[in-house]
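Accompanying notes for the structure given below.
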Amino acid sequence: MATGNASQTSLIIVVASIVRIRQQHTSSNGRFLRSFSCSQLGFFVYHSLTLGPADPAGPVPIDSMFIYRPDKRQEVWRFLFYMVLHAGWFHLGFNLIIQLLVGLPLEMVHGSARIGCVYLAGVLAGSLGTSVFDPEVYLVGASGGVYALLAAHLANVMLNYRNMQYGVLRLLAIFLFASCDVGFAIYSRYAVEPASGAPTVSYVAHLTGALAGLTIGLLVLKNFEQKLHEQLLWWVALGVYAACTIFAIVFNLLNTVTVQRLEEESEEVFKQHLFTNFGF
């Protein structure tokens, strides 16, 4: 009888320990996106107070040290930190709602570190891709990270389809939303003449952010039932992301060096022309 009571007591202790660990693990999830969303809101409030009252499309902190600008690509922190700025309260609200609705369910399952990696990879890919394929665009906002979260759902389904309910419906909903949003971005970029001072929508940041979310998602998200072909998929994803990132970095390095040389040469030509006019 004493043995039976001891076994029951041990079982209760084990179950209680598992529940406590599970509660601690669950309570720690979601911190990245909630904290980061609060920081984005804080930056927006600060710039609204310093630049003037915010409206749906502004003010855009064009002189901020964080905005991505093609003429300041040598300041490498801009490739990542442009994500804390937004072009008006509509842009901010849209990004916050989508990243929380889409990202929190992923973060609850896969943890803050993995989802943070996906999100930041999407932000970096957004600026790198824009610098290569649409180099005249200035960037604010975290749309690259948001689209990385959307594409991470696709990666999650590819890895854990057998363990998911309504996986196909999730993909269809995400695909429908992303198609409409990217279509609107392309239309705004080329078919609509932006008003003076209005920001230009960068569809390239959306697409490259989604590519980063898919590839990094396949690399870092939990795979609850790994199979042989999924290991091959892991290596393919790693190769695609590494190749694209290295190409974009080398492109920016070469382009920056070329621009600096042209500026130096043009300055020397100007000085020589000036000295000639003055008879030196």
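Of note:
- Residue match in the stretch 42-58 (condition: modelled with pLDDT of 90 or more and of a type in the set (Ser, Thr, Tyr)): no
- Positions within the stretch 63-93 being charged (D, E, K, R) and part of a helix (DSSP H, G or I), in sequence order: Asp71, Lys72, Arg78
- Only a single item in (1) more than 11 Å from the chain's Cα centre (by Cα); (2) crowded, with 19+ Cβ neighbours inside 10 Å is not met by Leu150, and it is number (1).
- Restricting the first member to the stretch 102-127 and to residues that are surrounded by fewer than 23 Cβ atoms within 10 Å (Cβ to Cβ), and the second to residues that are at pLDDT 95 or above and not in a helix (DSSP H, G or I), no beta-carbon pair is closer than 7 Å while six or more apart or on different chains.
- Given (1) more than 24 Å from Tyr82 (Cβ to Cβ); (2) at pLDDT below 80, index of the condition Ala155 fails: (2)
- Checked against (1) of a type outside the set (Val, Ile, Thr); (2) open to solvent by 50 Å² or more (accessible area, probe 1.4 Å); (3) more than 15 Å from the chain's Cα centre (by Cα), Leu159 passes all but condition (2).
- Counted residues, the stretch 64-92 - those being of a type in the set (S, T, N, Q) and open to solvent by 50 Å² or more (accessible area, probe 1.4 Å): 1
Results for (1) aromatic (Phe, Trp, Tyr); (2) open to solvent by 70 Å² or more (accessible area, probe 1.4 Å); (3) at pLDDT 70 or above, shown as yes or no for each residue.
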position: Ala191; (1), (2), (3): no, no, no
position: Pro194; (1), (2), (3): no, no, no
position: Ala198; (1), (2), (3): no, no, no
position: Val204; (1), (2), (3): no, no, yes
position: Leu207; (1), (2), (3): no, yes, yes
position: Ala210; (1), (2), (3): no, no, yes
position: Leu214; (1), (2), (3): no, no, yes
position: Phe224; (1), (2), (3): yes, yes, yes
position: Leu233; (1), (2), (3): no, no, yes
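- Test: residue in the stretch 20-29 that is loosely packed, with under 10 Cβ neighbours inside 10 Å, modelled with pLDDT under 65 and either under 26 Å from Leu128 (Cβ atoms) or small (Gly, Ala, Ser) (or both): yes
- With respect to the conditions (1) assigned to a loop (DSSP other than H, G, I, E, B); (2) of a type outside the set (Val, Ile, Thr); (3) surrounded by 20 or more Cβ atoms within 10 Å (Cβ to Cβ), Leu96 lacks only one, and its number is (1).
- Residue match in the stretch 127-149 (condition: of a type in the set (Ser, Thr, Tyr), in contact with a Phe, Trp or Tyr (Cβ under 7 Å, 6 or more places away or on another chain), under 21 Å from Pro61 (Cβ atoms) and assigned to a helix (DSSP H, G or I)): yes
The values are calculated or read from the model by the stated rules, or taken from the named source; none is laboratory data. Remember, it's a predicted structure, so these values are computed and weren't measured experimentally. Virtual Cβ from ideal backbone geometry, glycine too; neighbours counted across all protein chains shown. When the accessible area is computed, the model is the full protein with side chains, heavy atoms only, and any ligands, DNA or RNA have been set aside. Shrake-Rupley method; radii C 1.70, N 1.55, O 1.52, S 1.80 Å.
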